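The next block holds one structure in the form of structure tokens; read it before the comments.
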Amino acid sequence: MANHEVQVQPRQLLAAAHQHLTNTFFRQDKTEAKRAFNDISAGRSIPFLEISSGDKGEVYCSLALDHSEYIGKLNFSAFRDVLGAHLQLIADKLKNDENLNIFTNEQTGDLLFNIPGIMQRDGTVNVLVTGIEQRKAGELTVKLMFLDPANFIDPARVS
């Protein structure tokens, strides 16, 4: 990309990420989907998406996964289950033009879309969200992150 600053709106970013996550993990060959999962679950980021902004250039996105707060053993099947729940919630919010519950880190500009995909399996709960990080102009990382499910427990329901 040239040294131009490119602005991509959060809703546009999330829509593009949603579409590409769906294609990568649910529509393409399962072997390729597993390969992508194995790479990101091993801590490697992978080339993911390119967003064109016309004459101002492109934004190149990689995909990463932070599963440090995942409870249990993360495998492809569990990942797809929680990702599917997460993507369905994102699709609903985009379709209905609802608030995307965006948290912004004021120091880094990173975005977190607080649209949690929640999966309960074998008595444990796991929560997946999507974030966007930018460390260099024209380059973004779409980061899937498992969060501590205790942050999502309704205190009124516990007692």
Return the residues of the range 99-131 that are over 22 Å from N75 (Cβ atoms), out of contact with any Lys or Arg (no Cβ under 7 Å at 6 or more places or on another chain) and touching a residue at least 12 places away in the same chain (Cβ under 8 Å); say none if nothing qualifies. N101, I102, T108, G109, D110, L111, L112, F113, N114
Being in contact with a strand residue (DSSP E or B) (Cβ under 8 Å, 6 or more places away or on another chain), over 14 Å from T141 (Cα atoms) and at pLDDT below 95 is the filter here, so list the residues in the range 2-45 that pass it. V6, Q12
Starting from residues that are of a type in the set (D, E, K, R) and at pLDDT below 90, keep the ones in the range 126-138 and report whichever is nearest to L89 (Cα to Cα). R135
Residue list for the range 70-107, filter: assigned to a strand (DSSP E or B) and crowded, with 16+ Cβ neighbours inside 10 Å: none
Inspect the range 136-150 for any residue being in a helix (DSSP H, G or I), free of Cβ contacts under 8 Å to residues at least 12 places away in the same chain and either farther than 25 Å from R35 by Cα or within 16 Å of the chain's Cα centre (by Cα) (or both) and give the result as yes or no. yes
On the basis of being modelled with pLDDT of 90 or more, out of contact with any Pro (no Cβ under 9 Å at 6 or more places or on another chain) and closer than 27 Å to N75 by Cα, does L144 make the cut? yes
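The values are calculated or read from the model by the stated rules, or taken from the named source; none is laboratory data. Keep in mind the model is a prediction, meaning the values are calculated, not measured. Quick reminder, even Gly has a Cβ in these numbers, built from the backbone with ideal geometry, and neighbours come from all protein chains shown.
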